[in-house]
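**Q** Dumping the structure here so I can ask a few things about it.
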Amino acid sequence: MESMKKIILSILLSCSIRAQVKGAASKSDAKKTVYYVQTVYSQLHQNPSKFSRVLSTFECGQPFYVLSSPISEFYQVEYSNYQGFMSTNVLDTRKPTNCWQDMYRRFFDQIELKSFKV
């Protein structure tokens with residue numbers, strides 16, 4: 001009888017864990033809107049203000065997931081492990097075709113921007 005209780009308890013526990021994992025996966029798989037940086041460079045801010053701390057700088061064509069409708073002319077966005085705010089003026093749903101970095105890729109390759117530490 002004791003072993004039967006253990007079996008039932010372990011089945012209930014495993015079902016509960018599976019339901020929690022499935023619920024978390026469905027939330028992260030929700031369709032997100034992708035916006036692209038339209039300017040040569042754009043800054044990701046900590047708060048919805050151009051005076052707030054800059055978390056990072058991104059180049060033209062960089063895709064971002066938009067997490068909210070505009071908040072005082074800023075979208076709350078996400079890219080990889082970055083989350084912050086970007087101006088609505090620099091983002092659009094269309095991927096840009098005239099990014100300076102793409103047109104002059106050889107120049108960027110020669111100056112080896114990847115070697116700089118920020």
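**Q** Explain nothing, just compute: Karplus ³J(HN,Hα) = 6.51 cos²θ - 1.76 cosθ + 1.60, θ = phi - 60°, for every residue of region 36-49 in order, whole Hz, x for Gly and Pro.
**A** With coefficients 6.51, -1.76 and 1.60, one gets 10, 5, 9, 9, 4, 9, 9, 9, 9, 9, 6, 10, x, 7 Hz.
**Q** Can you give me the long-range amide H partners of residue 56? Hydrogens built in the peptide plane at 1.01 Å from N, cutoff under 5 Å, separation of 5 or more residues or another chain.
**A** Close amide H contacts, sequence-distant or interchain: 44.
**Q** Just to verify a number: what accessible area does residue 74 come out at with the full protein assembly present, 1.4 Å probe, Å² rounded to tens?
**A** 20 Å²
The values are calculated or read from the model by the stated rules, or taken from the named source; none is laboratory data. These numbers were taken from a predicted model, which means no experiment stands behind them. Surface areas here come from the heavy atoms of the whole protein model, side chains and all, with no ligands, DNA or RNA. Shrake-Rupley method; radii C 1.70, N 1.55, O 1.52, S 1.80 Å.
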